[in-house]
Amino acid sequence: MPARASLWNTLTDPLVHQNPVTLQILGICSALAVTTSVATALTMSAALTAVLVMSAGLISLIRNHIPGSIRLIVQIVIVASLVIVIDQILQAYLFEISQKLSVFVSLITTNCLVLGRTESFSRHNPPGRSMVDALGNGLGYSVVLVVIGSVRELFGAGSLLGVQVFQTVDQGGWYTPLNLMLLAPSAFFLLGGLVWAIRTLLPAQAETIDLLSPDKPEDLS
Amino acid sequence: MADMNPITAWRKLLALPNESRTKTLVMAFLVSAICALGVSGATVILRPIQAANRAAEQQARLEGLIAGIPGMSELMAAEGGSLSTVVVDLTEGRAATDVTPATLSAALEDNANWTGLSEGQDLAGLGQRPNYAQIYFLRGADGEISLALLPISGAGYVAPIDAILALRADMNTIAGLAVLAQAETPGLGGRIEEPAWLSQWRGKEIADASGAVRFAVAKGRASSEFEVDGITGATRTSSAVTRIMRFWLGPDGYGPLIDAIQRGEF
């Protein structure tokens with residue numbers, strides 16, 4: 001992390017160039033689980049971004065006074081509490097969507113993305129900067145979720161955000177929904193395809209050969 | 001502890017090195033205390049809204065169930081649009097004498113009002129069953145029961161499934177099913193709450209002439225009046241629904257109550 005990067009870069013870098021999901025492959029469990037429709041993907045993204053920004057702010061605020069020996073526990077307690085609060089708010093005000101997200105909101109606690117940002121960035125940076133970085137990472141995660149969610153909902157159910165785009169056979173139209181799209185493996189395939197596409201367009205993101213399997217490196221060069 | 005001034009004590013604490021044992025303990029305590037306050041606060045403040053949400057959803061599903069049964073909306077309108085609520089004693093198969101809808105939730109907090117289920121009995125994966133259940137009757141102009149709404153629940157493939165089963169006056173013909181809560185796989189098992197699937201329950205029968213419960217979710221297409229179509233790709237959810245239905249219609253569920261209603265005791 002360059003020490004003097006501008007705030008704008010801190011915000012926009014995680015969108016594509018340092019995307020937490022496609023480059024660092026963090027937080028993919030939830031990316032698989034909640035992307036069956038755009039609405040759930042959006043809610044999950046908003047919940048994760050909110051938790052990320054608030055936990056980054058709080059941890060950055062007390063960063064000089066977190067004892068080293070218990071720093072991970074302190075961070076997890078703060079993140080977990082924020083997650084429970086967000087989950088309660090969703091259950092109160094977005095009841096239907098919170099039913100669909102079921103446990104995945106609670107599982108934000110264990111999302112490597114959150115702890116990764118608080119541990120590597122918020123502990124060393126002032127609150128304002130930490131929150132901008134957290135917002136950028138949250139948005140980076142959201143972009144990936146919304147892209148995968150759109151593809152899965154469009155091809156799995158023929159709709160986008162609940163609005164029917166393709167008339168399915170059940171409704172008397174022509175489109176046979178691709179059930180695979182509603183199952184978790186399809187999210188893996190899509191995520192893999194997305195990572196491949198980004199790394200083809202931006203070769204700098206590809207891991208260097210010495211990070212790959214040492215079996216037959218010459219085949220890959 | 002010479003200085004009792006809280007502000008200076010706070011400053012001293014902050015000035016301690018982060019590795020000091022006192023600061024570690026105090027920080028751990030403070031973070032936990034503040035987080036506990038936040039979590040408890042959010043839960044307590046938001047609980048009424050959440051309870052209202054759940055109640056509204058259940059009410060909407062119940063109304064949807066009745067509205068979906070031909071002729072029922074008219075009957076409801078004629079009756080003044082209300083269902084009579086009865087708490088029944090499941091073991092005895094009669095109206096409970098000492099428990100009313102208002103005291104039901106308090107009664108169910110007492111473990112004495114629950115019956116443990118052995119592995120062979122526990123088709124629905126409940127572990128234990130309440131002795132009392134709140135059911136609803138819709139009566140015709142002559143006071144005869146025209147519809148009974150029975151809440152059922154049990155373990156689904158992913159999470160518990162809660163539903164309400166509507167039975168016609170003969171207590172053997174299904175008038176409809178409303179799923180109140182489920183978290184099955186979206187697009188597969190989750191389709192149990194789709195109207196298209198639920199609509200085929202109407203008119204199915206529960207038990208054959210000998211009284212044995214025959215109802216089942218078929219593997220594939222339904223082939224008799226006791227079956228509804230299975231859901232492709234959701235075998236586990238389909239069989240969970242079958243087991244929940246078999247349990248609640250059987251001797252450990254509403255069986256005694258259904259017999260009593262058929263004998264005309266209500």
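The values are calculated or read from the model by the stated rules, or taken from the named source; none is laboratory data. These numbers were taken from a predicted model, which means no experiment stands behind them. Cβ sites come from the backbone with ideal geometry, for glycine too, and all protein chains shown count toward neighbours.
Taking the criterion of being part of a helix (DSSP H, G or I), away from every other protein chain (no Cβ under 11 Å) and not hydrophobic (A, V, I, L, M, F, W, C), the residues of region B:1-37 that qualify are B:Pro6, B:Thr8, B:Arg11, B:Lys12. With respect to the conditions (1) among the small types (Gly, Ala, Ser); (2) under 17 Å from the mean Cα position of the chain (by Cα); (3) within 14 Å of chain A (Cβ to nearest Cβ), B:Gly125 lacks only one, and its number is (3).
So, A:Val103, is that one within 17 Å of the chain's Cα centre (by Cα), within 9 Å of another protein chain (Cβ to nearest Cβ) and without any contact (Cβ under 8 Å) to a residue 60 or more places away in the chain or not? It is true that A:Val103 is within 17 Å of the chain's Cα centre (by Cα), within 9 Å of another protein chain (Cβ to nearest Cβ) and without any contact (Cβ under 8 Å) to a residue 60 or more places away in the chain. Within region B:38-57, the set of residues being more than 9 Å from chain A (Cβ to nearest Cβ) and within 19 Å of A:Val83 (Cα to Cα) comprises B:Ser40, B:Val44. The residues on offer are A:Thr109, A:Thr168, and the sole one that is of a type in the set (Val, Ile, Thr), surrounded by fewer than 21 Cβ atoms within 10 Å (Cβ to Cβ) and touching a Pro at 6+ places or on another chain (Cβ under 8 Å) is A:Thr168. Can A:Ser142 be described as at pLDDT 85 or above and either within 18 Å of A:Val21 (Cβ to Cβ) or surrounded by fewer than 16 Cβ atoms within 10 Å (Cβ to Cβ) (or both)? It is true that A:Ser142 is at pLDDT 85 or above and either within 18 Å of A:Val21 (Cβ to Cβ) or surrounded by fewer than 16 Cβ atoms within 10 Å (Cβ to Cβ) (or both). When B:Gly203 is tested against the conditions (1) within 18 Å of the chain's Cα centre (by Cα); (2) part of a loop (DSSP other than H, G, I, E, B), the lone failure is (1). For the condition within 15 Å of the chain's Cα centre (by Cα) and either among the β-branched types (Val, Ile, Thr) or buried (at least 16 other Cβ atoms within 10 Å of the Cβ) (or both), what is the one hit in A:Ala56, A:Ala80, A:Ala41? Just a single option satisfies the conditions, and that option is A:Ala41. Could you list, in sequence order, all residues of region A:65-81 that are part of a helix (DSSP H, G or I) and at the interface with chain B (Cβ under 8 Å from one of its Cβ atoms)? Within region A:65-81, A:His65, A:Gly68, A:Ser69, A:Ile70, A:Ile73, A:Val74, A:Val77, A:Ile78, A:Ala80, A:Ser81 meet the criteria. Testing B:Leu180 on (1) in a strand (DSSP E or B); (2) away from chain A (no Cβ under 12 Å); (3) surrounded by fewer than 21 Cβ atoms within 10 Å (Cβ to Cβ), one condition comes back false. Which one is that? Here B:Leu180 meets the rest and fails (2). Exactly one residue among B:Asp142, B:Asp110, B:Asp89, B:Asp98 is over 20 Å from B:Ser199 (Cβ atoms), among the acidic types (Asp, Glu) and touching a residue at least 40 places away in the same chain (Cβ under 8 Å), and that residue is B:Asp89. For region B:128-146, taking the residues that are within 16 Å of the chain's Cα centre (by Cα) and outside any loop (DSSP other than H, G, I, E, B), the one that is nearest to B:Asp252 (Cα to Cα) is identified as B:Arg129. The one condition from (1) surrounded by fewer than 20 Cβ atoms within 10 Å (Cβ to Cβ); (2) touching a helix residue (DSSP H, G or I) at 6+ places or on another chain (Cβ under 7 Å) that A:Gly136 does not meet is (1). Go through region A:20-66 and give me each residue that's of a type in the set (S, T, N, Q) and either in contact (Cβ under 8 Å) with a residue 60 or more places away in the chain or farther than 30 Å from B:Leu16 by Cβ (or both). Listed by number, the residues that qualify are A:Thr22, A:Gln24, A:Ser30, A:Thr35, A:Thr36, A:Ser37, A:Thr40, A:Thr43, A:Ser45, A:Thr49, A:Ser55, A:Ser60. From the list B:Phe215, B:Phe266, the lone residue that is out of contact with any Cys (no Cβ under 9 Å at 6 or more places or on another chain) and within 24 Å of B:Ala95 (Cβ to Cβ) is B:Phe266. Applying the condition of being surrounded by 18 or more Cβ atoms within 10 Å (Cβ to Cβ) and away from chain B (no Cβ under 14 Å) to region A:116-128 and asking which residue is nearest to A:Ser6 (Cα to Cα) yields A:Asn125.
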